[in-house]
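The values are calculated or read from the model by the stated rules, or taken from the named source; none is laboratory data. Computed from a prediction, not measured in an experiment: that's the story for all the values here. For neighbour counting, all protein chains shown are included, and Cβ atoms are generated from backbone atoms with ideal geometry for every residue, glycine included.
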């Protein structure tokens, strides 16, 4: 196993790549960051397996996409607990999007991740999205 900093940086790359692919609408590319039997759990349901994750992402994008302007996901406060070839990762996320009055926070929350290293690469086994800052959530 590489040193701890190398492994943590590789995991951070996966988290960042996830945001870029999701924001670009590349659901197949986003799903490729999961193990073949991975699970992506959102407030709006979940996808299992890469095909199921990609389809769930496309369904979320299609549902109300005309109402939501383009947004970017920002991932911060990343805490990685390594256990050899597995890791537990906590982080926060925020989406910033355009609006009639300028940029605004669309929603925010936390990611709770289980990750595994396979064939020299890190993948999500399970990603749970806790969307606790959003319109109508008090």
Unique match (being within 14 Å of residue 10 (Cα to Cα), assigned to a strand (DSSP E or B), touching a strand residue (DSSP E or B) at 6+ places or on another chain (Cβ under 7 Å) and in contact (Cβ under 8 Å) with a residue 24 or more places away in the chain) among 132, 124: 124
Filter pass, residue 6 being at pLDDT 95 or above, over 17 Å from residue 121 (Cα atoms) and out of contact with any helix residue (DSSP H, G or I) (no Cβ under 9 Å at 6 or more places or on another chain): no
Of all residues making up the range 76-95, the number that are crowded, with 16+ Cβ neighbours inside 10 Å and touching a strand residue (DSSP E or B) at 6+ places or on another chain (Cβ under 6 Å): 9
Helices (runs of 4 or more DSSP H) lying entirely in the range 1-103 (those with 1 or more residues that are within 11 Å of the chain's Cα centre (by Cα) and over 13 Å from residue 129 (Cβ atoms)): 4-24, 27-31
Scan of the range 117-138 for residues that are surrounded by 17 or more Cβ atoms within 10 Å (Cβ to Cβ) and more than 21 Å from residue 57 (Cβ to Cβ), ordered by number: 117
Any hit, the range 51-59, residues being surrounded by fewer than 14 Cβ atoms within 10 Å (Cβ to Cβ), under 17 Å from residue 97 (Cβ atoms) and at pLDDT below 95: no
Number of the condition not met by residue 36 [criteria: (1) out of contact with any strand residue (DSSP E or B) (no Cβ under 7 Å at 6 or more places or on another chain); (2) closer than 20 Å to residue 93 by Cα; (3) modelled with pLDDT of 95 or more]: (2)
